[in-house]
């Protein structure tokens, strides 16, 4: 029987990666917003306490998920870029959990390099990687952890300001430090690993990579070619025109549609009130086994 609640959200974050709410708090916030199906998709981390939380919150259906960082080579430039793939409704096999574990970017040298650049830019960032590790209950230290620390010290109004002014990929980039995207699992291999774990690979926020429209289309084509099954067409910060265009691309390239607030509990991604229809999840769930069987048949050469 379908959940009586009306809405779903298939891409959210907790304090286990770079969200501001604990997993229990994300679930409670989702219930307040009449969400009947929820996936918590922390970066490169499985929803390992899903059974415990499902028992505690029986009024909402929880789906195992993870947002996987991958490397992708732009065909016309040869540049490697970081692309995110949501692994949805997969099994926590030892192999796939290890794939996720080895895909976490937690470098003391990288974090301390950002801190030094922040100081050079005039901020009194008087903390270190080890300080962040001891203060924050996170699986790894991300740029979000740095941003939150800057805000807590009163050196910026919010994390958006920190990213826009200092450490984000785009914006003023006063303290941006390049990182080696090639360390991440290649996109095509990530898709295969997700499928082998019984999950649905979903292309995240296609308009968030600063690509040209032609590059967005090629990314969608490449994702589909390597076995991708769905993409986020409904996304919290996209305009209605962008969402309609992505729905057109999904139909054109035979991808199912997914819906994502990309909730982080702060700023522009601080709401779970986007009213994504719950049938989006049930369509994914109903076609999952069929699509996985088709992929298996194709790869086996039958």
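State the three equivalent ellipsoid semi-axes of segment 138-211, derived from the C-alpha gyration tensor as the square roots of 5 times its eigenvalues, in descending order and whole Å.
In descending order the semi-axes read 30, 15, 12 Å.
Using Cβ contacts closer than 10 Å as the measure, can you line up 263, 170 from fewest to most?
170, 263
Restricting to the chain, compute how many DSSP beta bridges are antiparallel as a %, nearest 5.
Of those bridges, close to 40 percent are antiparallel.
Any chance you could run the full-extension gain for residue 286 through residue 126? It's 0.36 nm times the residue separation minus the Cα-Cα distance, nm to one decimal.
52.4 nm
Roughly how many nanometres apart are two label points built 7 Å out from the Cα toward the Cβ at residue 169 and residue 101?
2.8 nm
Between the helical axis of 187-196 and the dominant principal axis of the chain, each derived from Cα atoms, what acute angle in degrees is found, rounded to the nearest 10?
50 degrees
How long are the semi-axes of the equivalent ellipsoid of segment 108-167, defined as square roots of 5 times the Cα gyration tensor eigenvalues? Whole Å, largest first.
Working through the eigenvalues yields semi-axes of 16, 13, 10 Å.
Relative contact order for the chain: what is it in percent, counting Cα pairs under 8 Å that are at least 6 residues apart?
21 percent
Rounded to two decimal places and with Rh computed the Kirkwood way over Cα pairs, what is Rg over Rh for the chain?
For the chain, the value is 0.96.
Counting other beta carbons within 10 Å of each Cβ, put 229, 144 in order, fewest first.
144, 229
What distance in nm lies between label points placed 7 Å from Cα along the C-beta direction at residue 119 and residue 279?
The two pseudo-label positions are separated by 5.8 nm.
Given R₀ = 22 Å, what would the calculated FRET efficiency be for residue 93 paired with residue 180, taking r from the Cβ atoms and rounding to 0.05?
It comes to 0.20.
Find the relative contact order for segment 108-167 and round it to a whole percent, using C-alpha pairs within less than 8 Å whose residues are 6+ positions apart.
Relative contact order for segment 108-167 comes out at 27 percent.
Expressed as a whole number of Å, what is the distance separating the alpha-carbon centroids of segment 218-249 and segment 108-177?
Segment 108-177 and segment 218-249 have Cα centres separated by 31 Å.
Using r as the Cβ-Cβ distance of residue 112 and residue 242, and R0 as 25 Å, what FRET efficiency do you calculate, to the nearest 0.05?
Between residue 112 and residue 242 the formula returns 0.10.
For the chain, modelled as a Gaussian network with Cα springs under 10 Å, which listed residue fluctuates most, 191, 26, 99?
Answer for the Gaussian network model of the chain: 99.
Between 189, 202, 60, where does the largest GNM mean-square fluctuation fall for the chain, given springs only between Cα atoms within less than 10 Å?
Among 189, 202, 60, the largest GNM mean-square fluctuation belongs to 189.
If you wrap a convex hull around the alpha carbons of segment 34-76, what volume per residue comes out, as a whole number of Å³?
81 Å³
Using helices alone, I'd like the mean residue ellipticity at 222 nm for the chain: each DSSP H run of four-plus residues gives -39500 (n - 2.57), total over residue count, nearest 500.
Per the formula, -11500 deg cm²/dmol.
Arrange 6, 234 by Cβ neighbour counts within 10 Å, fewest through most, would you?
So the residues, fewest neighbours to most, are 6, 234.
Readers should treat all values here as calculations from the given coordinates under stated rules, not as data from a laboratory. As the structure is a prediction and not an experimental result, all values here were calculated from the model. FYI the Cβ positions are ideal-geometry reconstructions off the backbone, even for glycines, and counts take in every protein chain you see.
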